[in-house]
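Notes follow once the structure below has been shown.
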Amino acid sequence: MIRTTVGLSPAPRTQLTVVPRRRRTARLVTVAAFFVSCLMLGAAAFQTQLARRQVELDQVDRQIRAARSDFNDLREQRAELRSPQRLATSGAALGMRAASKTEFVAIDPAVVAEVQQSAGGVFDPGSAASDPLFEEFKIVKSIAGG
């Protein structure tokens, strides 16, 4: 075996020193503080939105209570106005009297059809078709609990 390193002198070795590690702690604390600050700001904004929406809900609830109260007052007034005793008294004041006998009058179907056509449609209480306004009213009443 032949040595190929004969005659070569080794290069002087450089002095190695231990380099202190980078301090990542300060950067990590800064990023964490920024992240926490953003979370706290978001939570504050969310709470503000919740409070604003709750105020709006409270106003709507007050309006609903007022509308229900008005509805109940109107229903009471209607019941008073439609009471048989009041109607009899008002009728007597106008000169009306109770009927002594009743009689049914037969109406020609052609006349009924003509009146229904002039009124804008056929009214059949037994039919499945109903007025959409009454359907909406039924839905509102079922939701409102009235």
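For this structure, a couple of remarks:
- Within region 85-101, the set of residues being outside any helix (DSSP H, G or I), among the hydrophobic types (A, V, I, L, M, F, W, C), exposed (fewer than 10 other Cβ atoms within 10 Å of the Cβ) and modelled with pLDDT of 90 or more comprises just one member, L94.
- Members of region 102-133 that are over 34 Å from the mean Cα position of the chain (by Cα), modelled with pLDDT under 85 and either exposed (fewer than 10 other Cβ atoms within 10 Å of the Cβ) or not in a helix (DSSP H, G or I) (or both): S118, A119, G120, G121, V122, F123, D124, G126
- Any pair with Cβ under 9 angstrom, 6 or more apart, that starts in region 72-99 at a residue that is in contact (Cβ under 8 Å) with a residue 12 or more places away in the chain and ends at one that is in a helix (DSSP H, G or I) and exposed (fewer than 11 other Cβ atoms within 10 Å of the Cβ): none
- Test: residue in region 26-37 that is of a type outside the set (A, V, I, L, M, F, W, C), exposed (fewer than 10 other Cβ atoms within 10 Å of the Cβ) and farther than 30 Å from G145 by Cα: no
- R82 vs. criteria loosely packed, with under 10 Cβ neighbours inside 10 Å and under 27 Å from A144 (Cβ atoms): yes
- Residue match in region 1-21 (condition: in a helix (DSSP H, G or I) and at pLDDT below 95): no
The values are calculated or read from the model by the stated rules, or taken from the named source; none is laboratory data. Here the structure is a predicted model, which means the values were calculated and not measured. Ideal geometry is used to build each Cβ from the backbone, glycine not excepted, and the neighbour counts take in all protein chains shown.
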